[in-house]
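A short write-up of the structure that comes next.
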Amino acid sequence: MVAVVRTRVARTRFAMGLAVALFAAGVGPVAHAASIETIAKQAILVDITSNTVLFEKSPDQRMAPSSMSKIMTMYMVFDAIKEGRLTLDSTLPVSERAWRMQGSKMFVELHNNIKVDDLIKGVIVQSGNDACIVFAEGLAGSESAFAERMNKRARDLGLKDTNLTNATGWPDPNHYMTARDLAILAEHLIKDFPEYYHYYSIREFKYHGINQGNRNPLLYRGMDVDGMKTGHTEAGGYGLTASAEREGRRLILVVNGLPSMQARADESARLIEWGFREFATYALFKAGETVDQVPLWLGAQDAVPVTVPEDMKVTMARADRGGMKVSLVSNAPVAAPVKKGDVVGKVVVSAPGFPGKEFPVVAAQDVEKLGFVGRALAAAKFLIFGAS
């Protein structure tokens, strides 16, 4: 059982929203542990189970995302499948432009019609630029029109500093993202399309007689990584967006600007293992579980039980756990009437070395206001005895 300390404060208006929305707005808490450094130019490590940034380095600096931006290409493809505009058995034609596309390739055949299932593997496993263009032309008519759609979706998803000019990540000074935006996008893809995320863990795919292995080096290290996408350009250096799930926690890592493939593999593995080793996620209350009672003023009952609308979890350095304090903050007594679901306070979690995190608490039931006689008696009691 979590011990909760009650605190009274002046009335505050508390905003409700999904944890992912808080992270997208850039206000997710940053946990602290023994310091770690990285040679990556840009990096962010997030525990999406509790919406906590574990580490960041220049996370809002514009960078060339290279093939990591193909995560957005695949988000658009999975969305089209979900909406019924494509199926895994649908076929899309290969234009001469797609066939001639350079860089990493799936080796599509000119004028052939290729199954969507194969094209997905071509993009995710083989990083096929040609497959990306087949998708872009098939869904939007042209790659430029597809890029416009991607940018609109990026804004809808809360990506604040992203602009995409192509479906492949091909070098272009106007094609940029940030590490934070990539982490948000990765989280959206995992949560919005769980039925298709398994494609990111496929280690090899053979097409047109050519077998290619997945370029994500962490898939082969036995460290619970199950996706997502590498990237490399001269401007951006070597990058990786990766996700790993262990003991109920999921971490998303984005690194970029690394000097070599080996550095990308080693640095990414080191940061993910550090995140799992140094931090832990603690479940405090389940959604709907009673946290405490908040006193009421002129209510049909003296207090109202309060709950958290979502599971309440915090991630902090394991070394800070012993000093964790959980406080219920409200401007008690809260004036009746109160409706079920009304925000009546917040739970604040704090600890030495931990920046703190807040969760809204809501009324668990309706409580009506006292009638005239009841209010008169309560007022008389207040005049005689004062506030309790």
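The values are calculated or read from the model by the stated rules, or taken from the named source; none is laboratory data. Not measured: the values here are computed from a predicted model. All Cβ positions, glycine included, derive from the backbone under ideal geometry; neighbour counts span all protein chains shown. In case anyone asks, the SASA skips ligands and DNA or RNA and just uses the protein heavy atoms, side chains included. Shrake-Rupley method; radii C 1.70, N 1.55, O 1.52, S 1.80 Å.
Between the entries (i) 25.5, 91; (ii) 44.5, 193; (iii) 21.3, 78, the label attached to Rg and Dmax of the Cα atoms in Å calculated for this structure is (i).
How about LYS346: which lysines have a C-alpha closer than 26 Å to its C-alpha, ignoring those fewer than 8 places off in the same chain? The qualifying lysines are LYS286, LYS313, LYS325, LYS357, LYS369. Positive contributions from Lys and Arg (+1) and negative ones from Asp and Glu (-1), summed over other residues with Cβ under 13 Å from the Cβ of ALA351, come out at +3.
Below 14 angstrom from the Cβ of THR307, what's the summed charge of the other residues (Lys, Arg +1; Asp, Glu -1)? Here the count lands on -2.
Annotation: lysines with alpha-carbon distance below 19 angstrom to LYS229 (same-chain offsets under eight excluded): LYS41, LYS70, LYS105, LYS121, LYS191, LYS206. Within the shell of other residues whose beta carbon sits under 9 angstrom from the beta carbon of GLY275, the net charge comes to -1, with Lys and Arg scored +1 and Asp and Glu -1.
Just so you know, the Cα atoms of the stretch 164-276 work out to an Rg and Dmax of 14.3, 40 Å. Shown for the chain: the carbon plus sulfur share of the solvent-accessible area, taken with all protein chains present and a 1.4 angstrom probe, equals 52%. Computed packing ranks the peptides 216-227, 283-294, 38-49 as 38-49, 216-227, 283-294, most packed first, by mean other Cβ atoms within 10 Å. Rounded to the nearest 20, the Cβ-based charge dipole of the chain about its Cα centre (Lys and Arg +1, Asp and Glu -1) stands at 1000 debye. Taken per residue, the accessible surface of the chain reaches 45 Å², heavy atoms only and a 1.4 Å probe. With a/c under 1.5 counting as rounded, go ahead and sort the stretch 217-307 into rounded, prolate or oblate using the C-alpha gyration tensor (a ≥ b ≥ c being the square roots of the eigenvalues; past the cut-off, prolate if a/b is larger than b/c, else oblate). The shape class here is prolate.
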